[in-house]
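Accompanying notes for the structure given below.
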Amino acid sequence: MLAAEGAFHTTAASGAFSLTWLLVGLPLLGAAVLLLGGRRTDRFGHLVGTLCSWGAFVVAAILFVALLGESESGRSIDQHLFGLGAGRRLPGSTPGCCSTRCRWRSCCW
């Protein structure tokens, strides 16, 4: 069920939710190590890939449990992952908004 247009609010990520960047960062780190290491990572590359993906899963599980502990109205978070610099924004994004969700809902302030 979709929330009513005026009832959908996001809060800034804090606490455990500030780790959401690791969901993308850990697999990217593993891929970078394997790509830049080349054949030198043949002996341990399978461990790097497995540990990075497991690490991302553990972070996701921690965030899931933390999200279940929030009230129903507080289960929407917003984590700023990247930007283009001061005063610049991504094409198609709403000013003052960091979430791609804003393209489909009016959740920005």
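The values are calculated or read from the model by the stated rules, or taken from the named source; none is laboratory data. Since the structure is predicted, the reported quantities are computational estimates derived from the model, not experimental observations. Cβ coordinates were reconstructed from backbone atoms using ideal geometry, including for glycine residues, and neighbour counts include every protein chain displayed.
Report, by residue number, each residue of region 68-77 that is of a type in the set (G, A, S) and touching a residue at least 40 places away in the same chain (Cβ under 8 Å). Working first, answer last.
First pass over region 68-77, keeping only residues of a type in the set (G, A, S): 69, 71, 73-74, 76.
Of everything in region 68-77, those that are of a type in the set (G, A, S) and touching a residue at least 40 places away in the same chain (Cβ under 8 Å) turn out to be S73, G74, S76.
Would you confirm, using the coordinates I've provided, whether S99 is at pLDDT below 75, in contact with an Asp or Glu (Cβ under 6 Å, 6 or more places away or on another chain), of a type outside the set (A, V, I, L, M) and crowded, with 16+ Cβ neighbours inside 10 Å?
Working: at pLDDT below 75: yes; in contact with an Asp or Glu (Cβ under 6 Å, 6 or more places away or on another chain): yes; of a type outside the set (A, V, I, L, M): yes; crowded, with 16+ Cβ neighbours inside 10 Å: yes.
Criteria met by S99.
Suppose we filter region 19-42 for residues that are outside any helix (DSSP H, G or I) and within 25 Å of the chain's Cα centre (by Cα); how many remain? Spell out the reasoning first.
In the first step, residues of region 19-42 are kept if they are outside any helix (DSSP H, G or I); the result is 20-21, 42.
Right, trim to within 25 Å of the chain's Cα centre (by Cα) and you get 20-21.
Within region 19-42, residues that are outside any helix (DSSP H, G or I) and within 25 Å of the chain's Cα centre (by Cα) number 2.
So the check is Cβ under 9 Å with 6+ separation or different chains; which pairs have a first residue in region 48-67 that's surrounded by 16 or more Cβ atoms within 10 Å (Cβ to Cβ) and a second one that's of a type outside the set (F, W, Y) and not in a helix (DSSP H, G or I)?
Every condition considered, the pairs that remain are V59/T20; L63/T20; L63/I77.
Might you let me know whether region 64-73 holds any residue that is of a type in the set (G, A, S) and at pLDDT 95 or above? Give the derivation first.
Filtering region 64-73 for residues of a type in the set (G, A, S) gives 66, 69, 71, 73.
Now drop any that are not at pLDDT 95 or above, which leaves none.
Taking every residue of region 64-73 in turn, none turns out to be of a type in the set (G, A, S) and at pLDDT 95 or above.
What's the total number of residues in region 43-80 that are of a type in the set (V, I, T) and over 16 Å from the mean Cα position of the chain (by Cα)?
Residues flagged as of a type in the set (V, I, T) and over 16 Å from the mean Cα position of the chain (by Cα) within region 43-80 amount to 2.
For region 1-47, give me the residue count where each residue is in contact with a strand residue (DSSP E or B) (Cβ under 7 Å, 6 or more places away or on another chain) and either loosely packed, with under 13 Cβ neighbours inside 10 Å or modelled with pLDDT of 90 or more (or both).
Within region 1-47, the first condition is being in contact with a strand residue (DSSP E or B) (Cβ under 7 Å, 6 or more places away or on another chain), and the residues that meet it are 10-13, 17.
Restricting the remaining residues to those that are either loosely packed, with under 13 Cβ neighbours inside 10 Å or modelled with pLDDT of 90 or more (or both) gives 12.
Adding up the residues that qualify gives 1.
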